[in-house]
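**Student:** My structure is below; once you've seen it, I'll send some questions.
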Amino acid sequence: MMTQEQCTHRNNVQSSEKPQVYKVGIYGWRKRCLYFFVLLLMILILINLALTIWILKVMNFTIDGMGNLRITEKGLKLEGDSEFLQPLYAKEIQSKPGRPLFLQSSRNVSVNIVNSNNQLLTQLVTGSNGFKARGKMFEVKSTTGKLLFSADEQEVVVGAERLRVMGAEGAVFSKSVETPHVRAEPFKELRLESPTRSLLMEAPKGIQILAEAGDIQAICRNELRLESKDGEISLDARRIRLMRLPEGKASTSSSSSGTRQTVYEVCVCPNGRLFLSQAGPGSTCQISNNVCL
């Protein structure tokens, strides 16, 4: 059993011991750093929000699109000038109704058509050096659908009513030309010329050369040949002039006495050559046939 003094001493010891309190949290410089980072984060959030609002305002972001770009049910709609830094892939490009469509580039504008294997089928290139088109066929049609020009590997077709060549040297063809009508412009000359080769005109039903208000000239360096296999050659004119025909010389005994001869007759050699002979009371071709030798 405890005595009264021991109980009194124990009570004094317990009363002298105070309860200990443990503090939970961040205090001191750690607390100041935390508040500083929270404040810095709030400032960054406000700056980011302000920049986002500014970008939305400048870029004109709306529910329908951004800036000049609008999203519609049919696709994308661009208003004003647009610049593409990378290739553009689109199914259809059209301008605003009643407004033209401009394609501009500092180098060239290329339009390529490829198949499923990415092989080039048709190409259209416009650049500083010119205009180039590549494909199996090229066609130009009028607003009514009439064919004006067509070109492929086999032939080139001009469907216009008139083909006009404005060059000073005319048109040069390396091979044959097939046409039903060749005509010069009014009051202009028509010249068919082959400087280094031959010129051949063929037609199964005939060739007609007509000059209603001018002359027709056929000039050659060597020989001019008119040949008809089954028909005849007709010269129908009021006057027919045969220039520079050789003149046959008659023998001295048969020549006329000193008067100048102004009338001649046209003679034909057995080989078809023509020559002139002085006219007389009778034919003088026999005595002047030294040209035929």
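**Student:** Out of all the residues in the stretch 72-93, which are among the hydrophobic types (A, V, I, L, M, F, W, C), farther than 20 Å from residue 106 by Cβ and surrounded by 10 or more Cβ atoms within 10 Å (Cβ to Cβ)?
**Tutor:** 76, the sole residue that qualifies.
**Student:** Enumerate the strands (runs of 3 or more DSSP E) found wholly within the stretch 113-158, keeping only those where 2 or more residues are over 11 Å from the mean Cα position of the chain (by Cα) and of a type in the set (Val, Ile, Thr).
**Tutor:** The qualifying strands (runs of 3 or more DSSP E) are 156-158.
**Student:** Please go through the stretch 177-200 and pick out each residue that is more than 21 Å from residue 162 (Cβ to Cβ) and of a type outside the set (Val, Ile, Thr).
**Tutor:** 193, 194, 195, 197, 198, 199, 200
**Student:** Sticking with this structure for a sec: Mind listing just one residue for me: the one in the stretch 94-113 that is open to solvent by less than 100 Å² (accessible area, probe 1.4 Å) and out of contact with any Ser or Thr (no Cβ under 9 Å at 6 or more places or on another chain) and, of those, farthest from residue 129 (Cα to Cα)?
**Tutor:** 98
**Student:** Restricting to the stretch 249-293, give me the number of residues that are open to solvent by less than 90 Å² (accessible area, probe 1.4 Å), polar (S, T, N, Q), at pLDDT below 80 and not in a loop (DSSP other than H, G, I, E, B).
**Tutor:** 3
**Student:** Can you pull out the residues in the stretch 185-198 that are of a type outside the set (Val, Ile, Thr) and surrounded by fewer than 10 Cβ atoms within 10 Å (Cβ to Cβ)?
**Tutor:** If the condition is that a residue be of a type outside the set (Val, Ile, Thr) and surrounded by fewer than 10 Cβ atoms within 10 Å (Cβ to Cβ), then 186, 187, 188, 191, 193, 194, 195, 197, 198 are the ones that fit.
**Student:** Related question: Give me the pairs: first residue in the stretch 81-104 and within 17 Å of residue 70 (Cα to Cα) and hydroxyl-bearing (Ser, Thr, Tyr), second residue part of a loop (DSSP other than H, G, I, E, B) and open to solvent by 100 Å² or more (accessible area, probe 1.4 Å), beta-carbon distance under 9 Å, and six or more apart or on different chains, which are they?
**Tutor:** 95/102
The values are calculated or read from the model by the stated rules, or taken from the named source; none is laboratory data. If you're wondering where the values come from, they're calculated on a predicted model, not measured in any experiment. Note that each Cβ is placed from the backbone with ideal geometry, even for glycine, and that neighbours are counted across all protein chains shown. Please note that ligands, DNA and RNA were not included when accessible areas were found on the heavy atoms of the full protein model with its side chains. Shrake-Rupley method; radii C 1.70, N 1.55, O 1.52, S 1.80 Å.
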